[in-house]
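Written out below as structure tokens is the structure these notes cover.
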Amino acid sequence: MVIPKQQQTAKAERRLDARRLLDEGVAQAEVARRLKVSRQSVSVWARLPARELAIVRAVGRKSTFKESDRQWLRAALVRGARAHGFATDLWTLPRVAQTLARKRGRRFSKVHVWRILGRLGFSCQKPEGRARERNEPAIQTWKQAQWPALKKKP
């Protein structure tokens, strides 16, 4: 897991602020309240030497989803779902997971697919629920001519 530099700096500053408050004699519970962190975190920080507080390490398992997989997935999503054998161009989490399994041999849960898409900069988009046969000029005409007559107040 890669932690952005800005986030690393903020975490290190928060830890160093905690150390400063602890050195001033502020109770751990109060430090936790002021910095909006857990009391357990403050307890751990209190035991660490100051030089280690500024070091922010990535936690968790290293990703097996490589940069080449990311680039391929981005290109696949841009090409559209129809290019990968689906009836419509609507991408869903199960469709993305199925495409990754078929084309790359990688199996991921829907939750993890959601995280991968978020890291790639994709977000959930809800299609507009409008009929294809919708006649925009007729709707505008109706709104301008008939709707005012139906309204209670002009």
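Please treat every number below as a calculation from the coordinates, not as lab data. Quick caveat, the model's predicted, so the values are computed rather than measured. Methodologically, a virtual Cβ is constructed for each residue, glycine included, from the backbone with ideal geometry; neighbour enumeration extends over all protein chains shown.
Tabulated values for the structure
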{"read-out": "In degrees, nearest ten, helix 136-145 long axis to first principal axis of the chain (Cα)", "value": "80 degrees"}
{"read-out": "The chain - mean residue ellipticity at 222 nm from DSSP helices (-39,500 (n - 2.57) per run, n ≥ 4, rounded to 500)", "value": "-17000 deg cm²/dmol"}
{"read-out": "Residue among R130, R119, R34 with the largest mean-square fluctuation in a Gaussian network model of the chain, springs linking Cα atoms under 10 Å", "value": "R130"}
{"read-out": "Table column - 3J(HN,Hα) (Hz), the stretch 12-20, Karplus curve with 6.51, -1.76, 1.60, x for Gly and Pro", "value": "4, 5, 5, 5, 5, 4, 4, 4, 4"}
{"read-out": "Unsatisfied cross-links (Cα-Cα over 29 Å) in the set K36/K66; K11/K66; K62/K126; K103/K126; K66/K110", "value": "K36/K66; K62/K126"}
{"read-out": "The stretch 67-119 shape via C-alpha gyration tensor axes, a/c threshold 1.5", "value": "rounded"}
{"read-out": "About the Cα centre, charge dipole magnitude for the stretch 5-53 (Lys/Arg +1, Asp/Glu -1 at Cβ), debye", "value": "200 debye"}
{"read-out": "Karplus 3J(HN,Hα) series, Hz, for the stretch 113-118 with 6.51 cos²θ - 1.76 cosθ + 1.60 (x for Gly, Pro)", "value": "4, 4, 5, 4, 4, x"}
{"read-out": "R106 long-range amide H proximity, modeled H, under 5 Å", "value": "A101"}
{"read-out": "Rounded if a/c under 1.5, otherwise prolate or oblate - the chain, Cα gyration tensor axes", "value": "oblate"}
